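Here's the structure, in structure tokens; my notes come after.
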Amino acid sequence: MSVVPAVVLGGTGYVAGELLRLIALHPQLTLGAVMSDSAPGEPVAGAFPHLQSAYPQERFHSEAEVQRLLREAPRAALFSAAPHGVSAALIDRLLAAAEQAGTAPHVVDISADFRYASAEAYTEVYRHPHGAPGRLAQFSCAVPEHLPRLTTRHVAHPGCFATAVLLASVPLLAAGLVHPTLFVSGVTGSTGSGRKPVEGTHHPLRHGDLYSYGGLTHRHGPEITACARAASGVEAEFAFVPHSGPFARGIHVTLQGQLRRPLDTAAVLTMLREFYAGAPFVRVSERAPRVKDVVASNYAHLSAAARGNTVAVLCAIDNLTKGAAGGAIQWMNRMLGFAETTGLTAPAPGWT
């Protein structure tokens, strides 16, 4: 059984920590290097004490050390959890070094830097120039369930909110069941805001509270629209209101729309089951999805309700796993020719 070295960029963040956890459990990936500009040479277990048993001697690497590894490895899996606006230029430099040496790693970028088809579309949302516009055509952006055949060498994983909204919306749009204006309310855990604490994510302020932010203006909105169009062929409008929840991990999304013809709940559930019949990580049930049932797993739980011309689809995922690190490894499994489920089938721990 072939084993491929994995490289993780953006090494001290929450998504990088989740990547490291999943790589430790993966039978066909081994950690080659984890890069951190802020802590080269420092022990990985210092940033992630829960990973001490998996990486007792591992230390963070510099960019030069990562370049050396990629030049020498005929096959490599490169995961970028570097920040938006930093990831693209870093990936560009590392790929250039690998190309010069005649090696060809696969990349999954978990930042936003390669989620848009053009540098102009990216700049309009993130308000700064793209770091590697010449690489954009080398990346596809989609959740794995919506792109059965990959035509690019690299992948940009959609954001965590985008993943949940797309899983809920694309089946409705692709089947032509709804008018293309959809209303979305989503709640995310605090890890979705990153490791550096700010007022909105500081635990004493967030604990026991629930509040919205960025209503109808969230930067994932254009990304959701573009990915839904690519997956369904429909130009839809998403009225999206995100919320901060009083928990660390998980996302719960409620999507509502107007049906083109009356359907009952059973018919919508049947459509969702048929759409995701070949998707090993999507489970459709009459039971309303709960965050605790998916936390720390790569599974998405969906349900639905319909009455007359109104439909609601509910989706729960873990923002760090299915919405980021787990989805990235799912993509990498496909690019490397492994079974898509390799290393990702552990169920949620429950009672978190």
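Annotation note: trypsin sites (Lys or Arg not before Pro) in the range 91-196 located in DSSP loop regions with a Cβ neighbour count of at most 15 within 10 Å are ARG127, ARG149, ARG153, ARG195. Structural descriptor for the range 16-101: relative contact order 25 percent, calculated from alpha carbon pairs under 8 angstrom and at least 6 residues apart.
Before I look further, what does the chain give for accessible area per residue, probe 1.4 Å, in whole square angstrom? Write out the running numbers ahead of the final one.
Working: 14800 Å² over 352 residues.
Heavy-atom accessible area per residue stands at 42 Å².
For HIS252, neighbours were defined as the other residues whose beta-carbon sits under 12 Å from its Cβ, and their charges (Lys and Arg +1, Asp and Glu -1) total +1. Across the chain, C-alpha contacts under 8 Å between residues 6 or more apart give a mean separation that, scaled by the residue count, equals a relative contact order of 16 percent. As a length-normalised measure over Cα pairs under 8 Å and 6 or more apart, the relative contact order of the range 125-244 settles at 32 percent. With each label modelled as a point 7 angstrom along the Cα→C-beta vector, the LEU150-GLU340 pair spans 1.2 nm. Each principal axis of the Cα cloud of the range 121-203 was evaluated for its coordinate range; sorted largest first, these ranges are 42, 35, 22 Å.
Tell me which label goes with the value of Cα Rg over 2.2 N^0.38 Å computed from the coordinates here: (1) 1.79; (2) 1.01; (3) 0.96. Computed from these coordinates, Cα Rg over 2.2 N^0.38 Å corresponds to label (3).
Only loop residues by DSSP count here, and only those with at most 15 other Cβ atoms within 10 Å; note down the trypsin sites (Lys or Arg not before Pro) in the range 221-277 that meet that. All intermediate terms of the calculation are to be shown ahead of the outcome.
Working: sites: ARG229, ARG249, ARG260, ARG273; in loops: ARG249, ARG260.
Loop-located and lightly packed - ARG260.
Using helices alone, what [θ] at 222 nm do you get for the chain, with -39,500 (n - 2.57) per DSSP H run of 4 or more residues, divided over all residues and rounded to the nearest 500? Before the final figure, lay out the partial values.
Working: 10 runs with 103 residues, N = 352.
Result for the chain, helices only: -8500 deg cm²/dmol.
Please report the carbon-and-sulfur percent of the accessible area for the range 68-222; probe 1.4 Å, protein heavy atoms only, DNA, RNA and ligands left out. So the carbon and sulfur contribution to the accessible surface is 56 percent. In sequence order, the range 247-258 has phi-based couplings of 9, 7, 10, x, 9, 10, 10, 10, 10, 10, x, 9 Hz under the Karplus curve 6.51 cos²θ - 1.76 cosθ + 1.60, θ = phi - 60°, and Gly or Pro positions carry x.
Rounded to the nearest 10 degrees, the inclination of helix 87-101 to the longest alpha-carbon principal axis of the chain is 50 degrees. A full extension of the chain between ASP37 and GLU99 corresponds to an added length of 20.1 nm, given 0.36 nm per residue minus the alpha carbon distance. DSSP beta bridges fully contained in the chain are about 45 percent antiparallel.
The values are calculated or read from the model by the stated rules, or taken from the named source; none is laboratory data. A quick note: this is a predicted structure, and the numbers were derived from the prediction, not measured. No Cβ is skipped: glycine too gets one built from the backbone with ideal geometry, and neighbour counts run over all protein chains shown. Protein only, heavy atoms only, side chains kept; ligands, DNA and RNA dropped before computing areas. Shrake-Rupley method; radii C 1.70, N 1.55, O 1.52, S 1.80 Å.
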